Amino acid sequence: MDKILISKCLMGENVKYNGGNNQSDNPILAGWVKEGRAIPICPETEGGLSTPREPSEIQGDKVINCKGCDVTEEFICGARIACQKAKETKAKYALMKQGSPSCGSKTISDGTFTGTKKQGMGIAARLLSDMGVKIFDENEIEKLDKILDK
Ligand code: SF4
């Protein structure tokens, strides 16, 4: 059975920087959980950051929070943990929150803390993608469901 790494905030866990979540109400996702396909991940908290925490954005090859602290190490650590989980569970797919500096696969904030987005990948999504994991976002649940082994 194909396993899927899934951003914990999409599963309703309050791990978002502001203490909230991004729960998806798509029944397909609930079905994956029931089937035992879902492998929950939150690279930022697993990398050592607390909740709530200051929002962070990628600036060049660093990740900086809105107070100017360098949190690159924590982001990389969390991304490596996600890759380790993918390896252990042989997950070929991931469903990750779009726009996040960790989980975003198509868009991320532009590093100015002004709410401006640009094309790019988050740290964990990039590392997972480099090891061959195919990344989908919360708007592509049906698309991913169609290619899973049943
Ligand atoms: Fe959600 Fe990913 Fe951010 Fe964790 S790191 S709160 S899973 S988007």
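Remarks
- For the chain, the C-alpha radius of gyration sits at 0.98 times the compact-globule guess of 2.2 N^0.38 Å, with N the residue count.
- Relative to the current alpha-carbon distance between residue 69 and residue 117, full extension at 0.36 nm per residue lengthens the span by 15.2 nm.
- Measuring against 27 Å, Cα to Cα, the residue pairs 3/67; 87/118; 16/118 contain 3/67; 87/118 as the ones spanning a longer distance.
- Nonlocal amide H pairs with residue 95, under 5 Å, H built at 1.01 Å: 5, 6, 7, 136
- Counting only DSSP beta bridges with both residues in the chain, the antiparallel share comes to about 40 percent.
- Under the Karplus curve 6.51 cos²θ - 1.76 cosθ + 1.60, θ = phi - 60°, whole-Hz ³J(HN,Hα) for segment 133-150, x wherever Gly or Pro sits: 6, 8, 9, 10, 10, 5, 9, 10, 5, 4, 4, 5, 4, 5, 9, 6, 5, 10
- Distant-in-sequence amide H partners of residue 107 (H built 1.01 Å from N, under 5 Å): 99, 120
- Accessible-area order (highest first, 1.4 angstrom probe) of the listed residues 137, 110: 110, 137
- Extending 7 Å from Cα along the Cβ direction at residue 30 and again at residue 106 yields two label points whose distance is 2.6 nm.
- For residue 145, the solvent-accessible surface computed with a 1.4 Å probe is close to 30 Å², ligands and nucleic acids excluded.
- In this simple spin-label approximation, residue 92 and residue 76 carry label points 7 Å from Cα along the Cα→Cβ vector, and these lie 3.1 nm apart.
- The chain, relative contact order in percent, only Cα pairs under 8 angstrom and at least six apart counted: 24 percent
- 5 angstrom amide H check on residue 63, placed H, neighbours 5+ away: 71, 72
- Protein accessible area in the chain, 1.4 Å probe - carbon and sulfur %: 50 percent
The values are calculated or read from the model by the stated rules, or taken from the named source; none is laboratory data. Values in this document were obtained by computation on a predicted structure and should not be read as measured data. Here Cβ is always computed from backbone atoms with ideal geometry, including for glycine, and neighbour counts include all displayed protein chains. Note: accessible area is taken over every heavy atom of the protein model, side chains too, but ligands, DNA and RNA are not part of it. Shrake-Rupley method; radii C 1.70, N 1.55, O 1.52, S 1.80 Å.
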